[in-house]
Amino acid sequence: MRGQLLEFNNKNTRLHALESYADLLHEVESRKRELLWINIESMENSEFEDMLTLLNLHDEDKSRLMQIRHFPYASSLSSGGFVLRMPLRIPGSSINLCTVQYITIIILPQIVMTRIEAHLSVFEKAEKRLLEKNRPAVNNSAELLLYLLEAILETEIANLLIARNGIKHLAAAAEDDISRLDPRKLTRFRRRVGNLAGQAEEKLFALTLLANLLARDKSFESIRSGIVEQIGAHNHLLRSLQRVQERIGELMQLADSHAREQTEQRLRVLTIISAVFMPLTFITGFYGMNFSSMPFLENEWGFPVVICLMLGMGAGLIVFFRKRGWFN
């Protein structure tokens, strides 16, 4: 296993690295009276089951937590506390390499456990802030949960701003020169913003379930107002992402319209060229017939006259098409 344990006491906060289940067992047993944040980045299922036993969870709760469900939910624990499960975006080396995994958050009276099979930079930043002297006020597991949810929300807002600024730059470039509007970039942004909107919608669903749960369970009543604020923030985030999606759709329609106009312009030019050369092709085909007596065939000025006639017809057709606006 791999993870960290953050210990909160009245004086300071200490971080302990977890490399085995024995480390976890020792730290939890020796600090039962302290507020603990157990952040698991990698753990076997057997170790996870042992850890649930260590947390004194009932068999019913353990069997539910051991199930792999790629769906957001919030549920109370019969042994006290509740569990929250929702998706998180795991950044990679580029936009297209980002993946989505589900994080499990178990909230007990003195313990908050987060489990996700990845290293999250948002949790690393949260740990650093909690280790500072002027750390945020976190005195119980409910306040710690709100702090972690706010840290996750900050990351999601940052992702929204990155996507929105990227679309603004593309739109500004399109105003100067519409040919700079790259459909491939728009497609990547649409995929990214769509993923963010889907995750925000699932988080909103999980937080709504949690708020309804806290309305019935008075043991964590103190954080219900904070969860309601989180719901409001995610509603605003979702609406903002939907507006970005609408803007992307408008830009894609603009790029598609520009591509159609370019295609029509090329077809128009090809049509004009075909129309110009059609009578010339007729003349060359006419004089290509094998008859002994044809006009200008024996005349020494026949070839120059026919060439001048063909050039005049071509120029006349071009002038005619231009006056009719075919080149516009």
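The values are calculated or read from the model by the stated rules, or taken from the named source; none is laboratory data. Remember, it's a predicted structure, so these values are computed and weren't measured experimentally. So basically every Cβ, Gly included, is an ideal-geometry build from the backbone, and we count neighbours across all protein chains shown.
Observations on the structure shown:
- Unmet requirement for HIS119, which otherwise passes all of (1) touching a Leu at 6+ places or on another chain (Cβ under 9 Å); (2) in contact (Cβ under 8 Å) with a residue 60 or more places away in the chain: (1)
- Checking each residue in segment 261-274 for being under 20 Å from MET310 (Cβ atoms), modelled with pLDDT of 80 or more and surrounded by 12 or more Cβ atoms within 10 Å (Cβ to Cβ) picks out only THR271.
- For the residues LEU131, LEU161, the requirement of being of a type in the set (A, V, I, L, M) and without any contact (Cβ under 8 Å) to a residue 40 or more places away in the chain singles out LEU161.
- The residue of segment 27-53 that is modelled with the highest pLDDT, among those that are in a helix (DSSP H, G or I), more than 35 Å from the chain's Cα centre (by Cα) and surrounded by 14 or more Cβ atoms within 10 Å (Cβ to Cβ), is ASP50.
- Matching option when the condition is outside any helix (DSSP H, G or I) and surrounded by 12 or more Cβ atoms within 10 Å (Cβ to Cβ), among MET294, MET289: MET294
- ALA255 touching a helix residue (DSSP H, G or I) at 6+ places or on another chain (Cβ under 7 Å) and not hydroxyl-bearing (Ser, Thr, Tyr): yes
- Of all residues in segment 131-146, those satisfying the criterion of being assigned to a helix (DSSP H, G or I) and touching a helix residue (DSSP H, G or I) at 6+ places or on another chain (Cβ under 8 Å) are ALA142, GLU143, LEU145, LEU146.
- All positions within segment 198-228 that are at pLDDT below 85 and crowded, with 18+ Cβ neighbours inside 10 Å: PHE220
- Out of SER20, SER30, sole residue that is touching a helix residue (DSSP H, G or I) at 6+ places or on another chain (Cβ under 9 Å), small (Gly, Ala, Ser) and farther than 18 Å from THR104 by Cα: SER20
- Scanning segment 98-124 for residues that are outside any strand (DSSP E or B) and aromatic (Phe, Trp, Tyr) gives a single hit, PHE123.
- Residues in segment 188-242 that are of a type in the set (Ser, Thr, Tyr) and either within 16 Å of ARG164 (Cα to Cα) or not assigned by TED's automatic domain parsing to the domain that holds PHE82 (or both): SER240 alone.
- Any hit, segment 299-313, residues being surrounded by 11 or more Cβ atoms within 10 Å (Cβ to Cβ), assigned to a helix (DSSP H, G or I) and in contact (Cβ under 8 Å) with a residue 40 or more places away in the chain: no
- When LEU161, LEU131, LEU120 are checked against the criterion of being within 30 Å of MET51 (Cβ to Cβ) and surrounded by fewer than 15 Cβ atoms within 10 Å (Cβ to Cβ), a single residue qualifies: LEU131.
- Subset of segment 138-188 [in contact with a Lys or Arg (Cβ under 9 Å, 6 or more places away or on another chain) and polar (S, T, N, Q)]: THR155, ASN159
- The set of residues from segment 134-158 being over 13 Å from ILE223 (Cα atoms), in contact (Cβ under 8 Å) with a residue 60 or more places away in the chain and among the aliphatic types (A, V, I, L, M) comprises ILE152, LEU153, ILE157.
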